[in-house]
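Structure first, commentary second.
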Amino acid sequence: MNSFATSPFCRAIGLLLTIISLLAPPLLAQRYNPTGITVAGGNGQGDRADQLNTPYGVYVDGSGAVFVVDRLNHRVQKWAAGATSGTTVAGGNGPGNANNQLNFPSGVYVDAAGAVFVSDAEQRVQKWAAGATSGTTVAGGNGPGTDANQLKNPAGVYVDGAGAVFVVDQGNNRVKKWAVGATSGITVAGGNGFGDGADQVNLPFGVYVDATGAVYVTTVDSYRVQKWAAGATSGTTVAGGNGFGDGANQVTNTYGVSVDGAGAVFVSDAGNHRIQKWAAGATSGTTVAGGNGQGNAANQLNLPFGLYLDRTGAVYVADANNNRIQKFVPYVEAIAQATPASLNAGQTVALSVTATGGTAGMSGGPFSYTWVAPPGITLSANSTSAVSATVSCGVTGVQTLSVTVGDVNSPFSNTTVLVSLTLTNALAGFGLTSSASTLPCVGSATLSLSATPGATNYAFSGPGGLSQNGSSPLLSVTAAGSYAVTATAGSCSVTAQLNITANPAPVVTLIFGSNATVLGTGVSTITVPPLSNTLVLQATGGSAYERSIVVDRINGYEIRQTDSNTTGIFPINRLGLFSLTVTGADGCKRTVQVVLQGQ
């Protein structure tokens with residue numbers, strides 16, 4: 001057990017315990033910056049305006065002003081937001097029991113009108129109206145004792161919306177409630193002697209009352225926080241209760257207590273020099289401040305007593321042995337996303353971040369945003385919650401962007417989150433291939449050209465393309481020559497080329513007598529003498545020949561005479577038009593038309 005907490009001095013005086021807001025409960029905060037900010041004191045032990053001497057209690061009003069129970073200076077100091085020194089708002093006239101004095105004050109609470117409520121070793125709670133130079137007794141003040149109108153070593157103080165004063169009556173192991181104007185109080189927790197039973201509070205210090213009227217009490221010697229529902233005759237443990245120690249399910253010498261809007265209990269675990277947060281219903285707590293050993297570094301505490309949780313979730317701690325008030329602010333919680341998270345190089349992606357927490361609590365904002373992208377990724381903006389990013393054509397693989405979400409009111413709340421993009425290059429290794437490198441025969445076959453798939457558009461060019469579709473990587477071709485395709489994906493494009501060759505059609509030569517006619521295109525006319533059995537036409541250029549002559553047309557039908565051979569010699573026994581198909585050695589064909597006319 002901590003020797004300080006069990007010393008006669010500690011038990012006789014009573015330490016503070018908790019300070020509660022007049023406003024609605026603070027909103028849920030998830031994580032805290034472990035580095036504290038000194039908002040009062042921190043200039044050594046002393047009685048100057050910029051010093052404190054063993055602060056026990058702390059309260060923060062709506063303007064951000066910090067009220068501190070400066071115990072060994074017998075005063076309450078008010079430090080305006082950002083001030084480097086404080087002004088005395090209660091006591092400060094030496095120790096004593098006069099109305100303008102305080103004697104070892106412990107707890108403090110400030111109501112909506114700015115009135116300061118202070119408990120002190122004169123067994124009373126004094127109310128100092130805003131700007132007043134002396135206080136009036138609103139609870140106790142009848143000497144130490146156990147009667148309903150008496151207190152013994154009062155500690156933590158809370159005032160509810162009706163003006164009722166709740167005070168930890170430490171020496172009597174109870175919490176008393178004094179209605180406005182009442183001359184005695186009623187017991188709302190404990191009062192059943194010194195012990196660890198559910199109906200007992202064992203050396204209580206801090207008190208908090210929630211909107212339902214439930215009373216939360218810290219009990220130093222029972223190492224727990226008890227919650228007493230309104231009107232209950234016993235309490236339930238909401239933090240600790242597993243003996244003293246530094247385990248996550250333990251607390252040692254609990255002093256201050258506060259509860260956030262989600263029902264999480266924050267408790268000053270002075271014996272472990274830390275502030276623990278116990279989520280509603282949790283069986284163990286997490287450290288939100290301190291917990292790095294006893295010390296005076298910004299991430300350390302030295303016997304934290306008073307505790308205050310403001311509406312933003314910021315935790316103010318009376319760091320007694322360091323003579324300072326430390327503020328620990330919640331981090332901004334942020335989630336970043338990319339739509340889509342996987343895309344092709346050259347495309348654009350939508351990025352957004354959703355932020356909560358920070359000093360604005362869970363309501364969100366005001367936040368600042370700073371986006372950073374790796375080389376090759378261009379942002380449309382870098383200071384808004386939603387931006388777009390365009391990926392350069394050569395960027396591939398997993399690329400990580402970051403966004404730092406800043407709390408406009410506190411740089412200590414800033415957080416940085418990452419978002420990853422998986423980038424593929426749809427045009428990587430792009431090329432154009434063919435089902436065969438050579439057309440079997442010009443004009444008599446079709447090849448299929450295939451571009452590498454993955455692009456969104458394909459633009460083909462060449463001498464003989466058929467059935468081109470802009471979204472298809474395929475093209476049918478019937479002619480030899482140079483073909484090209486330009487593929488597009490996003491803003492990127494690439495061109496590939498391919499040369500197609502073809503087996504030529506045979507060169508057909510017709511010979512009649514001493515005359516030779518080389519046929520290419522069109523119709524050849526040959527004049528022959530009167531028909532006889534000796535007239536022949538010689539064709540060359542192939543290995544097979546087929547002649548087709550239309551001999552008649554009946555009812556729209558043609559009657560053809562066809563003959564074929566391998567010599568290319570055909571008798572001339574009819575004038576008029578005929579077709580001659582010549583097949584070369586490689587199988588390629590050429591069909592020509594000939595008109596035979598008489599002399």
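The values are calculated or read from the model by the stated rules, or taken from the named source; none is laboratory data. Note that this is a predicted model, so its numbers are computed, not measured. Neighbour counts run over all protein chains shown; Cβ positions are idealised from the backbone, glycine included. Surface accessibility is based on the protein's heavy atoms, side chains included, excluding ligands, DNA and RNA. Shrake-Rupley method; radii C 1.70, N 1.55, O 1.52, S 1.80 Å.
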* GLY261: part of a loop (DSSP other than H, G, I, E, B), at positive phi and surrounded by fewer than 24 Cβ atoms within 10 Å (Cβ to Cβ), yes or no? -> no
* Asked: Within the range 93-108, is even one residue assigned to a strand (DSSP E or B) and open to solvent by less than 60 Å² (accessible area, probe 1.4 Å)?
  -> yes
* From THR521, THR517, residue being modelled with pLDDT under 85 and either outside any strand (DSSP E or B) or open to solvent by 80 Å² or more (accessible area, probe 1.4 Å) (or both) -> THR521
* **Members of the range 496-514 found to be without any contact (Cβ under 8 Å) to a residue 12 or more places away in the chain and open to solvent by 80 Å² or more (accessible area, probe 1.4 Å), listed by number** => SER514
* Within the range 298-391, which strands (runs of 3 or more DSSP E) (wholly inside it) include 3 or more residues that are at pLDDT 90 or above? -> 304-309, 315-319, 324-328, 332-339, 348-357, 367-372, 377-379, 386-391
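This table checks each residue for (1) closer than 30 Å to THR456 by Cβ; (2) out of contact with any strand residue (DSSP E or B) (no Cβ under 6 Å at 6 or more places or on another chain).
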site: ALA484; (1), (2): yes, no
site: GLY490; (1), (2): yes, no
site: THR509; (1), (2): no, no
site: SER514; (1), (2): no, yes
site: VAL523; (1), (2): no, no
site: PRO529; (1), (2): no, yes
site: GLU546; (1), (2): no, no
* **Contacts under 6 angstrom Cβ, first residue in the range 452-465 being under 23 Å from GLN347 (Cα atoms) and hydrophobic (A, V, I, L, M, F, W, C), partner open to solvent by less than 20 Å² (accessible area, probe 1.4 Å) and part of a strand (DSSP E or B), 6 or more apart** => ALA455/ALA487; ALA455/ALA489; PHE460/LEU475; PHE460/VAL485
* Asked: Just for strands (runs of 3 or more DSSP E) wholly inside the range 166-244: which have at least 3 residues that are out of contact with any helix residue (DSSP H, G or I) (no Cβ under 6 Å at 6 or more places or on another chain), of a type in the set (Val, Ile, Thr) and farther than 22 Å from TYR56 by Cβ?
  -> 186-190, 236-240
* Structure fact -> When the range 533-563 is checked residue by residue, the ones that are among the small types (Gly, Ala, Ser) and open to solvent by less than 80 Å² (accessible area, probe 1.4 Å) are ALA539, GLY541, GLY542, SER543, ALA544, SER548
* Structure fact -> Going through (1) open to solvent by 10 Å² or more (accessible area, probe 1.4 Å); (2) in contact with a Pro (Cβ under 7 Å, 6 or more places away or on another chain); (3) more than 12 Å from GLY185 (Cα to Cα) one by one, THR136 fails only at (2)
* To do: Would you please name the residue that is most open to solvent (accessible area, probe 1.4 Å), looking only at residues in the range 331-344 that are hydrophobic (A, V, I, L, M, F, W, C) and in contact with a Ser or Thr (Cβ under 6 Å, 6 or more places away or on another chain)?
  => ILE335
* Meets criteria (over 18 Å from PRO506 (Cα atoms) and part of a strand (DSSP E or B)) for THR534 -> no
